[in-house]
Amino acid sequence: MKRLIWIISAALALFFTSNIYAAEAELLHANEWSVPKQANTILAMPAVRKSMKKLQMNVNSSLKLKYPGGDEGTLWVNELRSWLIALGLSSKRIELIPGSAISTTIELEVLTN
């Protein structure tokens, strides 16, 4: 019985600890991006809105943009980066990483320092 309680306690501790430190990436899908763009439409995109809120909460945080490779992915991430800068995010806080897990998605991950 003591062993079972210990195993359950260890499993719960591991679960809660891993969730605290796991970074949550927001996903921006290509079909969301294919709309005419204005500041209000960009900020209405859930991935952008959530990421910008997280960035505002911690001035030492940065944004990792993991994008699909190739010409299309590069053009897309550079357009997104330009919009984020136009919306007030410093270019020094943005890191571009090729190799998104899904070819039609940019992953936005806020990293806290």
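Conditions (1) exposed (fewer than 13 other Cβ atoms within 10 Å of the Cβ); (2) out of contact with any Ser or Thr (no Cβ under 6 Å at 6 or more places or on another chain), marked per residue:
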{"site": "W33", "(1), (2)": "no, yes"}
{"site": "K37", "(1), (2)": "no, yes"}
{"site": "I42", "(1), (2)": "no, yes"}
{"site": "L55", "(1), (2)": "no, no"}
{"site": "N58", "(1), (2)": "yes, no"}
{"site": "S61", "(1), (2)": "no, no"}
{"site": "Y67", "(1), (2)": "no, no"}
{"site": "G70", "(1), (2)": "yes, yes"}
- Message: Show the residue pairs meeting these rules: Cβ distance below 7 Å; 6+ apart or different chains; first residue within the stretch 77-88 and more than 17 Å from N40 (Cβ to Cβ); second residue surrounded by 13 or more Cβ atoms within 10 Å (Cβ to Cβ).
- Response: V77/L65; V77/Y67; V77/L96; V77/I106; R81/L65; R81/I94; R81/L96
- Query: Which ones in the stretch 92-113 are part of a strand (DSSP E or B) and of a type outside the set (S, T, N, Q)?
  - Reply: I94, E95, L96, I97, P98, I106, E107, L108, E109, V110, L111
- Qualifying residue in the stretch 72-82 (condition: out of contact with any Ser or Thr (no Cβ under 8 Å at 6 or more places or on another chain) and not in a helix (DSSP H, G or I)): no
- Query: How many of the residues in the stretch 72-110 are closer than 19 Å to K50 by Cα, surrounded by fewer than 17 Cβ atoms within 10 Å (Cβ to Cβ) and touching a Lys or Arg at 6+ places or on another chain (Cβ under 6 Å)?
  - Reply: 1
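Inspect the stretch 47-57 for any residue being assigned to a helix (DSSP H, G or I) and touching a residue at least 60 places away in the same chain (Cβ under 8 Å) and give the result as yes or no. Step through it out loud before you land on a result.
Residues of the stretch 47-57 that are assigned to a helix (DSSP H, G or I), as a first pass: 47-57.
When the remaining residues are screened for being touching a residue at least 60 places away in the same chain (Cβ under 8 Å), the result is 47-48.
Yes; the residues of the stretch 47-57 include at least one that is assigned to a helix (DSSP H, G or I) and touching a residue at least 60 places away in the same chain (Cβ under 8 Å).
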- Note on the structure: Restricted to the stretch 9-25 and to residues being within 20 Å of the chain's Cα centre (by Cα) and at pLDDT below 50, the residue farthest from L89 (Cα to Cα) is S18
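Does K64 count as under 13 Å from L111 (Cβ atoms), in contact (Cβ under 8 Å) with a residue 12 or more places away in the chain and not in a loop (DSSP other than H, G, I, E, B)? Working first, answer last.
Values: under 13 Å from L111 (Cβ atoms): yes; in contact (Cβ under 8 Å) with a residue 12 or more places away in the chain: yes; not in a loop (DSSP other than H, G, I, E, B): yes.
Answer is yes for this residue.
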- Item | Scope the stretch 26-66; condition of a type in the set (A, V, I, L, M) and modelled with pLDDT under 95; matching residues | V35, M57, V59
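The values are calculated or read from the model by the stated rules, or taken from the named source; none is laboratory data. As the structure is a prediction and not an experimental result, all values here were calculated from the model. Quick reminder, even Gly has a Cβ in these numbers, built from the backbone with ideal geometry, and neighbours come from all protein chains shown.
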